[in-house]
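Input: a single structure, listed below in structure tokens.
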Amino acid sequence: MLDLKHALWELEKVVDAAQLENFFQIYLWKKGFINEEFKVMLTLPAEEKKDRGAKLSDIKTKLTEAYEAKQQSFKMGQINQQLEKDLVDISLDTSSENWSYSLLAEVRREVEEIFKSLWFVMEYGTEMVTKFENFESVNIPLTHPATEMHDTIYLNEKDPSGENFVLRTHTSSMQNYMIKKYGVPLKALVPWRAYRFENMDATHDTMFYQVEGMYIGKNISIAHFKSLMETMLNAVLKKKVETRMRPGYFPFVEPGFEIDARYEYLNPKTGKKEMSKRLEILPGGMIHPEVLKAAGVDPAEWRSGFAFGLGMSRLAAIKYGIKDIRYFTNGDLRFAKSFA
Ligand code: FA5
């Protein structure tokens, strides 16, 4: 009868997939040794048949198990080999001089420095937020069009109240958290990402950077707001900038404004310095009483304060004369290197 020990020893000597297939053909295939032995068994007298049948079944099971284990280890070996071949060293040698911040990071850091020097506290916050944080906490009712699927990216994960999380559509989703965490008076900044389900074009991306700012005090006026925004824009752009304020509607401010900016640039066609078209980059306004209430602050005492939501991707585009904000994030090294 077939010697199990010998078969296992042969299996141990197998070193590649071709030899393993050969082993299978010899022992386990339907015309292999084991099935041949079963055929012989059928010709034996009844009393021997039973005993031989049990032994053969046992050998078949053990050999099949050993064969499958070997097959599995070959598969893992192949995967590991492939992984090693595809290995990419992603560690960046930071000791080298050969790196620089991306343009967006550069501008963000400049904006951060300006506000840090004015003693603003700063956080980036989470990008996955509750509907409460993104909408209701800033006085946007859930029936508002901005909450619709065509603007907002909903996630499958649910928050503790059973509602789907969303990707924050604006950094205003941090207003409630910052007021609760730091209390009033407050100077706070949130310079980070927001996401919208947008049709992309030169000035709209699905992921973009905003800078949320809040200044809550007792004698803060619209004049403070305007002057701070102009100071900041001049400091970042380092160009002659002219701003214009016009009314704008946002449920979380009252009154609300849009600050449009135009800036001096060298027109390559005429060779002369000219003023650009006006660009909408900086909405803001005086913080709505409902926003303060939702964060547990008495609006009768702290009614004066402003908030703004600077479009940082657009600001960076203005600063460096980039025509399409998608260049910042599309990973095109030719673009990145030309500013390194
Ligand atoms: C807001 O997001 C408000 N949260 C801003 C705000 C904050 C108002 C505090 C009042 C008080 P808006 O949707 O207009 O507003 O976006 C603000 C800025 O973000 C825009 O001016 C624009 O510069 C930028 N922005 C908006 N959507 C995109 C986009 N898809 N791609 C790139 N930039 C965008």
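The values are calculated or read from the model by the stated rules, or taken from the named source; none is laboratory data. Values in this document were obtained by computation on a predicted structure and should not be read as measured data. Reconstructed Cβ throughout: ideal geometry from the backbone, glycine too, with neighbour counts over all protein chains shown.
Among the candidates SER304, SER276, single out the residue that is more than 9 Å from the ligand (Cβ to nearest atom) and within 23 Å of SER173 (Cα to Cα).
SER304
Filtering region 244-266 down to residues that are over 14 Å from ARG314 (Cβ atoms) and among the hydroxyl-bearing types (Ser, Thr, Tyr), which residue is farthest from the ligand (Cβ to nearest atom)?
Per the stated criteria, the residue is TYR265.
If the Cβ limit is 7 Å and pairs must be 6+ apart or interchain, which residue in region 153-170 that is more than 13 Å from GLU133 (Cβ to Cβ) and among the hydroxyl-bearing types (Ser, Thr, Tyr) pairs with which residue that is within 16 Å of the ligand (Cβ to nearest atom) and in a strand (DSSP E or B)?
Listed by first residue and then by second, the contacts come to TYR154/VAL166.
Restrict the check to region 250-263 and report whether at least one residue is surrounded by fewer than 19 Cβ atoms within 10 Å (Cβ to Cβ), hydroxyl-bearing (Ser, Thr, Tyr) and either in the same structural domain as ARG326 (by TED's automatic domain parsing) or at negative phi (or both).
No, region 250-263 contains no residue that is surrounded by fewer than 19 Cβ atoms within 10 Å (Cβ to Cβ), hydroxyl-bearing (Ser, Thr, Tyr) and either in the same structural domain as ARG326 (by TED's automatic domain parsing) or at negative phi (or both).
Which numbered condition in (1) away from the ligand (no atom under 14 Å from the Cβ); (2) among the aliphatic types (A, V, I, L, M); (3) assigned to a helix (DSSP H, G or I) is the only one that VAL297 fails?
(3)
Which residues, counting only those in region 261-272, are in contact with a Lys or Arg (Cβ under 9 Å, 6 or more places away or on another chain) and either in a loop (DSSP other than H, G, I, E, B) or at pLDDT 90 or above (or both)?
ASN267
With the requirement that a residue be in contact with a strand residue (DSSP E or B) (Cβ under 7 Å, 6 or more places away or on another chain) and either near the ligand (Cβ under 8 Å from one of its atoms) or at pLDDT below 95 (or both), what does region 191-201 give you?
The answer is ALA194, GLU198.
Which residue, of SER313, SER338, is of a type in the set (S, T, N, Q) and either more than 12 Å from the ligand (Cβ to nearest atom) or under 17 Å from GLN175 (Cβ atoms) (or both)?
Result of the check over SER313, SER338: SER338.
Within region 202-236, take every residue that is among the hydroxyl-bearing types (Ser, Thr, Tyr) and within 14 Å of the ligand (Cβ to nearest atom) and give me the one that is nearest to SER304 (Cα to Cα).
Restricting to residues being among the hydroxyl-bearing types (Ser, Thr, Tyr) and within 14 Å of the ligand (Cβ to nearest atom), the top hit is TYR215.
Return a yes/no flag: does region 181-190 have any residue that is farther than 19 Å from THR130 by Cβ, in contact (Cβ under 8 Å) with a residue 60 or more places away in the chain, within 13 Å of the ligand (Cβ to nearest atom) and not hydroxyl-bearing (Ser, Thr, Tyr).
Looking for residues that are farther than 19 Å from THR130 by Cβ, in contact (Cβ under 8 Å) with a residue 60 or more places away in the chain, within 13 Å of the ligand (Cβ to nearest atom) and not hydroxyl-bearing (Ser, Thr, Tyr), one finds at least one in region 181-190, hence yes.
Please work out if GLY309 is under 27 Å from the mean Cα position of the chain (by Cα) and either on the phi > 0 side of the Ramachandran plot or not assigned by TED's automatic domain parsing to the domain that holds ARG196 (or both).
Considered against the rule, which asks whether it is under 27 Å from the mean Cα position of the chain (by Cα) and either on the phi > 0 side of the Ramachandran plot or not assigned by TED's automatic domain parsing to the domain that holds ARG196 (or both), GLY309 comes out as no.
Looking at region 126-147, which of its residues are in contact with a strand residue (DSSP E or B) (Cβ under 7 Å, 6 or more places away or on another chain), crowded, with 20+ Cβ neighbours inside 10 Å and of a type outside the set (A, V, I, L, M, F, W, C)?
Matches in region 126-147: THR130, LYS131, ASN134.
Whether any residue in region 286-293 is of a type in the set (A, V, I, L, M, F, W, C) and in a helix (DSSP H, G or I) is what I want to check.
Checked region 286-293: at least one residue is of a type in the set (A, V, I, L, M, F, W, C) and in a helix (DSSP H, G or I).
Residues that are within 16 Å of the ligand (Cβ to nearest atom) and assigned by TED's automatic domain parsing to the domain that holds LEU310: does region 156-167 have at least one?
Yes, some residue in region 156-167 is within 16 Å of the ligand (Cβ to nearest atom) and assigned by TED's automatic domain parsing to the domain that holds LEU310.
Checking the conditions here, which among GLU65, GLU113 is farther than 30 Å from MET232 by Cβ and among the charged types (D, E, K, R)?
The match here is GLU65.
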